[in-house]
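See below for the structure under consideration.
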Amino acid sequence: MAAEPWDSGDGVRLRRDMQVELAARYNMPDQETEPPTAETVSVFLIARDPGGDATGCGALRLLDDGTAEIKRMYVTPQARGTGVAIRILRALEDHARLHGISSLVLSTGVKQPDAIRFYEREGYQRFDGYGPYVGEPLAKCFTLQLS
């Protein structure tokens, strides 16, 4: 697991694969109003298998109140169930703690039951939402208070 540039080849490919998967699940292109960019994320992590192949990614976007937003959490289908997502999530949480972040927020969707179960299992609590996700019927928002 390592921080890599947002526009690295593997990063671009992983985010594209994620968007293709989500577009198929929701039968529509990405509707995010404020997508993350190289300028808005504080860290972009890529997980790799022992052979060096990229198996997942995740990013943090700092918000203005001691909160950071988890963005672009994605694990390739062949790596799901192997612990990659947990390692990415823990590394993002560690990065947030090192930078004085007191809470994390994220949004996933109603058509992503595996993601919903994952965040609940990892201690994230559902809440009504934040920013553009307040009142969004397709969004399921979660938060975690960091110690």
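The values are calculated or read from the model by the stated rules, or taken from the named source; none is laboratory data. Remember, predicted model here, so these are calculated numbers, not experimental data. Positions of Cβ are generated from backbone atoms using ideal geometry, with glycine treated the same way; all protein chains shown enter the neighbour counts.
Screening ARG61, ARG80, ARG13 for residues that are of a type outside the set (Asp, Glu) and either in contact with a helix residue (DSSP H, G or I) (Cβ under 7 Å, 6 or more places away or on another chain) or under 19 Å from CYS141 (Cα atoms) (or both) leaves exactly one candidate, ARG61. When the test is whether a residue is part of a helix (DSSP H, G or I), closer than 27 Å to GLY100 by Cβ and at pLDDT 95 or above, GLY56 does not pass it.
Every residue, every condition in (1) of a type outside the set (A, V, I, L, M); (2) more than 22 Å from TYR130 (Cβ to Cβ), yes or no:
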site	(1), (2)
GLU4	yes, yes
MET18	no, no
GLU21	yes, yes
TYR26	yes, no
ALA38	no, yes
VAL43	no, no
GLN78	yes, yes
THR108	yes, no
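With the requirement that a residue be in contact with a strand residue (DSSP E or B) (Cβ under 7 Å, 6 or more places away or on another chain) and assigned to a loop (DSSP other than H, G, I, E, B), what does the stretch 9-43 give you? Those that are in contact with a strand residue (DSSP E or B) (Cβ under 7 Å, 6 or more places away or on another chain) and assigned to a loop (DSSP other than H, G, I, E, B): PRO36, THR40, VAL41, SER42. The set of residues from the stretch 13-59 being under 15 Å from the mean Cα position of the chain (by Cα), aliphatic (A, V, I, L, M) and surrounded by 13 or more Cβ atoms within 10 Å (Cβ to Cβ) comprises LEU14, MET18, LEU22, VAL41, VAL43, LEU45, ILE46, ALA47, ALA59. Within this structure, ARG117 fails the test of being surrounded by 13 or more Cβ atoms within 10 Å (Cβ to Cβ), charged (D, E, K, R) and at pLDDT 95 or above.
Step by step: first the residues of the stretch 76-129, then only those that are part of a helix (DSSP H, G or I), β-branched (Val, Ile, Thr) and free of Cβ contacts under 8 Å to residues at least 40 places away in the same chain, then the one that is farthest from PHE44 (Cα to Cα). Which residue is that?
Filtering the stretch 76-129 down to residues part of a helix (DSSP H, G or I) leaves 77-79, 84-98, 113-121.
So of that shortlist, the ones also β-branched (Val, Ile, Thr) come out as 84, 86, 88, 116.
Still in the list and also free of Cβ contacts under 8 Å to residues at least 40 places away in the same chain: 84, 86, 116.
On the way: VAL84: 15, ILE86: 15, ILE116: 22 Å.
This residue is ILE116.
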